[in-house]
Amino acid sequence: MSLKYRILIFVLILAWFAGIFIESITCFIPDLMITIPIFIKGYSLTCHQNPQKIFQIYCGDSLLCARCIGIYFGLLIISFNNLFSAIKKFPTLKVLLYFSLPMLLDVFFTTIRIYKYSKISAFSSGLLFGSVLFFYFYKGLITLQNELREK
Amino acid sequence: MCGFGAGVLQIVPIAKSFGCCLIIPFAAFFSLVLDKKANPTIEKISSKKALMFGLITGLYAAFFGSTFDIVITFITKSNDLVESFPQFQQMINNFPFSDELKNEVLRLFQNVRNDILNYGFSFIYAFSIIMNNLIVNSIFGIAGALIGAQIINRRPES
């Protein structure tokens, strides 16, 4: 995939990621204040937005929980890395399973209260999952691009 | 069918918190699985097909999700926005900005809130719900289907 498409993917993920912190960004750009409820509603489609599980940054709260932020941060990091060295090797689906296990176990253990919910463990397990997820998403896009070229 | 199911689940509060961001991608994946079962073939699912399935599932989910949200708001004359207005008011007041700007923003949302409380419908609310659902559900549907196609294609039986 050419650099311009990789930049586009990164910019889109960055825009989505930045939107999570719209409340904090509003502290610097007051005009954005009017968009906050729309952003809250939009992001509520992808996360439960539990007030105990969100991050507080500067004067605002994040619009997603720690785990979701971890997932999108993982996607963002790998897409950023993809700008400088394009991904050529793709892991097997087993890797996705292994990397999603910590997240699934963390969800399971905190749900049945074996241990207390921790934002750090939620973020880290989400980060692991998100960073591997990007490879599969990117591979899907490459396959799509190749199919469109063949036609 | 998957889009309809996802649209309904998006409205149900418990299912919504449980499914989180997985509802739409899973619906898109499930639509591919159902298609594979309905039309058995040894051919792999193309990414183009996955893209279309993901997009259609996302659009259906957006359509039904928005419709149910608007209809429920119309019947109950209440929704998340109305219920969370006091918290929103508090949040706006905590921002280090001029009172004029704060009042302007609050006035706008007070109008939306009043429309919902009085008539059960607000054009601004309905428009923002539809746009949000269309954009978010389409993207998540496409992402879910593109990843889902790889999972289905790697299965031994396909």
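The values are calculated or read from the model by the stated rules, or taken from the named source; none is laboratory data. Predicted, not measured: the structure shown is a model, and the values here were computed from it. Backbone-built Cβ (ideal geometry, glycine too); neighbour counts: all protein chains shown.
Would you check if there is a residue in the range A:54-73 being surrounded by fewer than 17 Cβ atoms within 10 Å (Cβ to Cβ), more than 11 Å from chain B (Cβ to nearest Cβ) and assigned to a helix (DSSP H, G or I)? No, every residue in the range A:54-73 fails to be surrounded by fewer than 17 Cβ atoms within 10 Å (Cβ to Cβ), more than 11 Å from chain B (Cβ to nearest Cβ) and assigned to a helix (DSSP H, G or I). Annotation note: Cβ proximity below 7 Å between a residue of the range A:33-48 that is at the interface with chain B (Cβ under 7 Å from one of its Cβ atoms) and closer than 17 Å to residue B:102 by Cβ and a residue that is part of a helix (DSSP H, G or I) and of a type in the set (Ser, Thr, Tyr) (sequence gap 6+ or interchain) occurs for A:33/A:26. All of (1) polar (S, T, N, Q); (2) under 21 Å from residue B:105 (Cα atoms); (3) surrounded by 19 or more Cβ atoms within 10 Å (Cβ to Cβ) hold for residue A:46 with one exception: (2).
For residues in the range B:90-99 being in a helix (DSSP H, G or I) and within 11 Å of chain A (Cβ to nearest Cβ), which is farthest from residue A:33 (Cα to Cα)?
Of all residues in the range B:90-99, those in a helix (DSSP H, G or I) come to B:90-94, B:99.
Going one step further and asking which of them are within 11 Å of chain A (Cβ to nearest Cβ), we end up with B:91-92, B:94.
Numbers: B:91: 10, B:92: 8, B:94: 12 Å.
For the range B:90-99, the residue satisfying everything is B:94.
Selection of the range A:10-32 for residues being within 9 Å of chain B (Cβ to nearest Cβ) and not aliphatic (A, V, I, L, M) yields A:16, A:23, A:26, A:27, A:30, A:31. Condition first: closer than 22 Å to residue B:110 by Cα and out of contact with any strand residue (DSSP E or B) (no Cβ under 8 Å at 6 or more places or on another chain). Can you find one or more residues in the range B:58-67 that meet it? Yes: one or more hits. Scoring residue B:50 on the criteria (1) part of a helix (DSSP H, G or I); (2) without any contact (Cβ under 8 Å) to a residue 60 or more places away in the chain leaves a single failure, condition (2). Entry remark, the range A:133-142: residues being at pLDDT 90 or above, of a type outside the set (Phe, Trp, Tyr) and surrounded by 20 or more Cβ atoms within 10 Å (Cβ to Cβ) number 1 in total.
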